[in-house]
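Participant: What follows is a single structure, and I will ask about it in a moment.
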Amino acid sequence: MELQKTTPEKKIKQHNTITSGRTDYSACQLDVLFMLLACIEDTDAPKKRYSIRVKDIELITSRKWNYQQLLESNEEMMSRVFKIEEEDGLRQIVLFSEIKYLDGTGSFDMVINEPARPYFFELKNNYTLLELKSVLSCTSKHAKRLYSLACQWRGTGGHTYSIGELKEMLGLKDPKGKEKEQYSEITMFKKQVLDIAKRQINEHTDIVFDYELLKVKGRSFDTIKLFCGFAKPKLQMEIDFNVDLEKQKKNGELLQKIANIQAIGIRDDLAELWAVKYWKQFVEEKNNLLEAIQKGKVIADKPAYLAGIFKKKGYV
């Protein structure tokens, strides 16, 4: 990927079939998939080789990649089956046909498997729009998938799945019942998957995410509704690889935090203070606020409510 400049807030398109397909890709494998999506152009020739630079992912996410882990992850991805429900039956495909490492460059080439090509190029109106930095910044593989699913229904008021269906999409449940279901207890599914994803999505992405567990068919939770709010205002951060990257990255991240706090309605001076000293506390209290509203609590003045909590806890 020969780029001198890139925009982490770049929007990428993912076919809805891939968004809702069944797979158990790891967080590392999903990051590779999303970086590939950022490279694709409508005019690309069949069997084109796409170059993925590890440096690009590290710069966007502020996380270092382990080279050996990457090798093992890519090798596993070459044999990982992607399952797609179609009108006439279940389709099983492998997304990539080849991965080649380029010595001394910190990059690798990928070739899309021909049967999978329509799911990368024949998008028309059947795609989900994602923000590259948002999906890469989530460390949980379930957060990445749930972010994608939430974005698919952005602006529609949410979407309802059976819990079993969602678990199958996340690779936590075998539809044939041959493998043991993961997080079979709803409390563990909520704690280890849903709540972690909710926290990461609300902290790192361009959307406001929440969910609600429902009892539709009996006395136990069997249904989940995903909620996705419209994009939060962000300041664009363009990265120039020819100057001080770390300084740009840190400044850009700080500006984004300030913008996210201001989007709630907090005045500028407090937004700057909270972004520098109390970012984690802000994210936690914002999530608590969203959860309270979801449960029916009426909060007319959200900025004053948050400021009051911060004052009570001695943050300001």
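Participant: Among the candidates Glu87, Glu76, which residue alone is in the same structural domain as Ala27 (by TED's automatic domain parsing) and over 15 Å from Asp24 (Cβ atoms)?
Facilitator: On inspection, the qualifying residue turns out to be Glu87.
Participant: Inside the stretch 251-276, can you point out the residues that are exposed (fewer than 15 other Cβ atoms within 10 Å of the Cβ) and more than 17 Å from His204 (Cα to Cα)?
Facilitator: Scanning the stretch 251-276 gives Gly265, Arg267, Asp268, Asp269.
Rundown of residues vs (1) over 19 Å from Ser20 (Cβ atoms); (2) buried (at least 17 other Cβ atoms within 10 Å of the Cβ); (3) aromatic (Phe, Trp, Tyr), yes/no style:
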| site | (1), (2), (3) |
| --- | --- |
| Phe82 | no, yes, yes |
| Glu85 | no, no, no |
| Asp88 | no, no, no |
| Leu95 | no, yes, no |
| Glu98 | yes, no, no |
| Asp109 | yes, no, no |
| Phe120 | no, yes, yes |
| Asn126 | no, no, no |
| Thr139 | yes, no, no |
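Participant: Go through the stretch 41-99 and give me each residue that's of a type in the set (Gly, Ala, Ser) and in contact with a strand residue (DSSP E or B) (Cβ under 9 Å, 6 or more places away or on another chain).
Facilitator: So in the stretch 41-99, the residues of a type in the set (Gly, Ala, Ser) come out as 45, 51, 62, 73, 79, 89, 97.
Across the stretch 41-99, the qualifying residues are Ser51, Ser97.
Participant: I've got another one for you. Checking the condition within 21 Å of Ser26 (Cα to Cα) and at pLDDT 85 or above, which residue from Arg53, Arg63 passes? Spell out how you get there, then give the answer.
Facilitator: Values: Arg63 fails: at pLDDT 85 or above.
From the options Arg53, Arg63, the qualifying one is Arg53.
Participant: In the stretch 191-219, how many residues are part of a helix (DSSP H, G or I) and farther than 15 Å from Arg145 by Cα?
Facilitator: 2
Participant: While we're on this one: Among the residues of the stretch 183-197, is any under 14 Å from Ala143 (Cβ atoms), touching a Ser or Thr at 6+ places or on another chain (Cβ under 9 Å), surrounded by fewer than 19 Cβ atoms within 10 Å (Cβ to Cβ) and touching a residue at least 40 places away in the same chain (Cβ under 8 Å)?
Facilitator: yes
The values are calculated or read from the model by the stated rules, or taken from the named source; none is laboratory data. Quantities reported herein were computed from a predicted structural model and do not represent experimental measurements. No Cβ is skipped: glycine too gets one built from the backbone with ideal geometry, and neighbour counts run over all protein chains shown.
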